[in-house]
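Have a look at the structure below before the remarks.
The values are calculated or read from the model by the stated rules, or taken from the named source; none is laboratory data. Since we're looking at a predicted model, the values are computed, not measured. All Cβ positions, glycine included, derive from the backbone under ideal geometry; neighbour counts span all protein chains shown. All accessible areas refer to the heavy atoms of the entire protein, side chains included, with ligands and DNA or RNA removed. Shrake-Rupley method; radii C 1.70, N 1.55, O 1.52, S 1.80 Å.
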Amino acid sequence: SELGTTTIAVSQSATLFLKQGKTVEETGKLIKSSLMLSKLGMLENAQASEYLTTILNGYKISVDEANGVVSKMIAVDNASAASVSGMAEALSKTSSVARDSGVELSNLIAYIATVQTVTGQTGEVVGQAFDKIEALWYNK
């Protein structure tokens, strides 16, 4: 395959997306995006699929825009010390609250990358911190 993955990984992703009610066409697009996230973020495929699902659902992003989300994280990874895997994990923890707070996805990715780079904290820690900050901001 073009992303160098196994049939098992593809079928696991397909199963996850089909269980979410995605069409076969949507599932194909999501598989490609999640495999790209998995390979470039050095994540297990199932974890990448879960992160991508949470980010897309949190920001109410269409399947057609999934590759764009992954590409934004890759671009920031290439320009900073933040990792794609850390950004994906952080985004999965805070996407919904960030959207409700009016924070644009591109800005959130930049904020997360900056905090990861400066503090060296994991995506989980950074994501939880942003989730709490945005929840406080949103509930003002």
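The helices (runs of 4 or more DSSP H) found wholly in segment 1-101 and carrying at least 3 residues that are more than 24 Å from G127 (Cβ to Cβ), at pLDDT below 95 and among the hydroxyl-bearing types (S, T, Y) occupy 7-19. The requirement of being of a type in the set (V, I, T) and open to solvent by 50 Å² or more (accessible area, probe 1.4 Å) is not satisfied by T27.
State whether one or more residues within segment 100-118 are free of Cβ contacts under 8 Å to residues at least 24 places away in the same chain, closer than 26 Å to E26 by Cα, open to solvent by 20 Å² or more (accessible area, probe 1.4 Å) and of a type outside the set (A, V, I, L, M). Yes - at least one qualifying residue is present in segment 100-118. From the list L30, L37, the one residue that fits, being without any contact (Cβ under 8 Å) to a residue 40 or more places away in the chain and of a type in the set (A, V, I, L, M), is L30.
With respect to A9, is the statement that it is of a type in the set (A, V, I, L, M, F, W, C) and more than 23 Å from K132 (Cβ to Cβ) true? Considered against the rule, which asks whether it is of a type in the set (A, V, I, L, M, F, W, C) and more than 23 Å from K132 (Cβ to Cβ), A9 comes out as yes.
Evaluating Y138 against the criteria (1) at pLDDT below 95; (2) closer than 29 Å to S11 by Cα leaves one unmet condition, (2). In the set S49, S62, only one residue is without any contact (Cβ under 8 Å) to a residue 60 or more places away in the chain, in contact with a helix residue (DSSP H, G or I) (Cβ under 6 Å, 6 or more places away or on another chain) and hydroxyl-bearing (S, T, Y); that residue is S49.
Within segment 42-62, can one find any residue that is open to solvent by 50 Å² or more (accessible area, probe 1.4 Å), within 12 Å of the chain's Cα centre (by Cα) and farther than 20 Å from S13 by Cα? Looking for residues that are open to solvent by 50 Å² or more (accessible area, probe 1.4 Å), within 12 Å of the chain's Cα centre (by Cα) and farther than 20 Å from S13 by Cα, one finds none in segment 42-62, hence no.
Among the residues in segment 68-83, are any open to solvent by less than 10 Å² (accessible area, probe 1.4 Å) and more than 28 Å from I8 (Cα to Cα)? Checked against the condition, which is being open to solvent by less than 10 Å² (accessible area, probe 1.4 Å) and more than 28 Å from I8 (Cα to Cα), segment 68-83 yields at least one hit.
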